[in-house]
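Remarks on the structure that follows.
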Amino acid sequence: MREKKKDLRNEMKAKLAKLKPEELKAKSEALEKKFAESPEFEAADSILIYVATSSEPETRKIISEALKRTKAVFVPKVEGDFICVCRLHALEQLLPGKFGIHEPPGEAKCELKQFDVVVIPGLAFDLHGGRLGRGGGFYDRLLSSLSGNFIGFCFDEQVVGEVPKMEHDMHVHKIFTDERVIECRKK
């Protein structure tokens, strides 16, 4: 199973590497717009959302819009082998943290466990809500302790027939891509 995951990770990384910067930008803009206009975003009072790295769909416009609408915005912060959840009040607070991922400064506080919406990155997703992360298990550990509407964010090229799954792997309820919204059906 680990070998299948490794192969799919390599395949997805190669596929993403072929996309030109202007394609990535256009795809991210389409995805952010689609999500910002969605019923899920409109209805959410609290949102946990990742801060994108250069190889992930961008999220800063969504974060900015959520803050503008006075939604409670939380972002992940890596602490050791875990991701904690930190309240974000302004994009300007973000600083490079572990793995170069932007996160709020200071000590992480992991008090909140329930969110209206949890936006999750992944290298690949399948139609059943299966998610392939980057291999550290950070998000699976975090998601196992949270409740909310789990939403996968990816480019349409990252939706595959089936993601290899292990017992501890968490699923998403819905996937937003630059081209479509997928209601996930568990296998």
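Assorted remarks:
- Residue match in the range 130-140 (condition: surrounded by 21 or more Cβ atoms within 10 Å (Cβ to Cβ) and part of a helix (DSSP H, G or I)): yes
- Evaluated against (1) in contact with an Asp or Glu (Cβ under 9 Å, 6 or more places away or on another chain); (2) surrounded by fewer than 17 Cβ atoms within 10 Å (Cβ to Cβ), F155 falls short on exactly one condition, (2).
- Unmet criterion (only one of (1) among the charged types (D, E, K, R); (2) in a strand (DSSP E or B); (3) crowded, with 17+ Cβ neighbours inside 10 Å) for R87: (3)
- K27 charged (D, E, K, R), more than 25 Å from G136 (Cα to Cα) and crowded, with 19+ Cβ neighbours inside 10 Å: yes
- Selection within the range 34-60 - farther than 18 Å from I101 by Cβ and touching a residue at least 12 places away in the same chain (Cβ under 8 Å): K34, F35, A36, S38, E40, F41, A43, A44, D45, S46
- Lone unmet requirement of (1) at pLDDT 95 or above; (2) touching a His at 6+ places or on another chain (Cβ under 6 Å) for V181: (2)
- Against the list (1) part of a helix (DSSP H, G or I); (2) in contact with an Asp or Glu (Cβ under 8 Å, 6 or more places away or on another chain); (3) surrounded by 17 or more Cβ atoms within 10 Å (Cβ to Cβ); (4) not β-branched (V, I, T), the condition A66 fails is (2).
- Selection of first residues in the range 14-28 that are assigned to a helix (DSSP H, G or I) and of second residues that are surrounded by 13 or more Cβ atoms within 10 Å (Cβ to Cβ) and charged (D, E, K, R), restricted to Cβ pairs under 7 Å at least 6 apart or on distinct chains, gives the following pairs, ordered by first then second residue: K15/E157; K27/D178; S28/E58.
- Applying the condition of being without any contact (Cβ under 8 Å) to a residue 24 or more places away in the chain and among the polar types (S, T, N, Q) to the range 69-120 and asking which residue is farthest from G136 (Cα to Cα) yields T70.
- G135 being out of contact with any helix residue (DSSP H, G or I) (no Cβ under 6 Å at 6 or more places or on another chain) and at pLDDT below 80: yes
- Residues of the range 115-129 that turn out to be part of a strand (DSSP E or B) and within 13 Å of the chain's Cα centre (by Cα), as a count: 7
- Selection from the range 45-63 of residues that are more than 10 Å from the chain's Cα centre (by Cα) and either more than 23 Å from L24 (Cα to Cα) or part of a loop (DSSP other than H, G, I, E, B) (or both): D45, S46, I47, T53, S54, S55
- Unmet criterion (only one of (1) assigned to a loop (DSSP other than H, G, I, E, B); (2) modelled with pLDDT of 75 or more) for L112: (2)
The values are calculated or read from the model by the stated rules, or taken from the named source; none is laboratory data. It should be emphasised that the depicted structure is a prediction, and the values quoted were computed from it without experimental measurement. No Cβ is skipped: glycine too gets one built from the backbone with ideal geometry, and neighbour counts run over all protein chains shown.
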